[in-house]
Amino acid sequence: MGAGTSPADPAPAGRAAADEPREPGERDERDGRDGSTGPGPVADAKDAKDAKGAKGADDAPDTGKDGAAADGRPRRSRRFPRFTRDTARPEGGGRAASGDAPAPARQWPLLTVLCAAGLGLLVVVLDPFDQAFRVGTILIGGALIAGAVLRWVVPSVGMLAVRSRFTDLVTYGLMGTLIVLLALVAQPAPWLDVPILEDAVRFTIR
């Protein structure tokens, strides 16, 4: 009760409207709210924030225990793998013929080298004629040299390509040349006379 007022005095119109109870379905003309007790503006803002957070959580990709996404795509890492599961195809390692051709035609460079080397080994083992050992060894070295030439000339040599083009050229060419030289200077009666080798052999024997 305010000072200077008596219970008999009539209350102001605005205060009386605010103090008297409202029915549940009755609306307040001042603020436009009904008289039912419900969530205020703070509760409405909180509910909207919770709904937004739940929607964002549904849109985010579900990650498993190992960090992989739920759709099966693994998470990319900048670290090198512990075990190498695949290697890149070397330069010129594609098939030497079209995909419609049979498998031997697609790998004809490798088959050519293998057949020539196999023929040389067969000649060495069977020894059908004189100097068969020398001829067979030259065939083996010539097969490797032919592999180096094919690796250089043919754009795609299939499984004959092991490493880069330069590495394969050096490997095939060097090994084939050494085998042919050893076959030519083999004793007795060498087909190639190299004085430096004779001096080196005499110096080693002495």
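Bear in mind these aren't lab numbers, they're just calculated from the coordinates by the rules spelled out. Every value quoted in this text rests on a predicted model; they were computed, and no experiment measured them. All Cβ positions, even for glycine, are placed from backbone atoms using ideal geometry, and neighbour counts span all protein chains on display.
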Fill in: Scattering profile of the range 147-206 at q = 0.14, 0.16 Å⁻¹ [log10 I(q)/I(0), Debye over alpha-carbon scatterers]
-0.56, -0.64
Worksheet item: Full extension from Leu182 to Arg165: what is 0.36 nm times the residue separation minus their Cα-Cα distance, to one decimal in nm?
Response: 3.5 nm
Discussion item. Through the Karplus equation 6.51 cos²θ - 1.76 cosθ + 1.60, θ set to phi - 60°, convert the phi angles of the range 137-143 into ³J(HN,Hα) values in whole Hz; use x for Gly and Pro.
Written reply: 5, 5, 5, 5, x, x, 5
Response to the item:
If the label point sits 7 Å along Cα→Cβ of Thr204, residues of the range 174-188 with amide N under 14 Å come out as 182-183, 185-187
Worksheet item: Arg78 to Val154: extension gain in nm, 0.36 nm per residue of separation minus the Cα-Cα distance?
Response: 23.7 nm
Response to the item:
On each of the three principal axes the extent of the alpha-carbon atoms of the range 119-180, given in whole Å and largest first, is 39, 20, 16
Worksheet, complete the sentence: Along the range 103-109, Karplus-curve 3J(HN,Hα) (6.51, -1.76, 1.60; θ = phi - 60°) to the nearest Hz, with x for Gly and Pro, reads 4, x, 6, 6, 10, 5, x
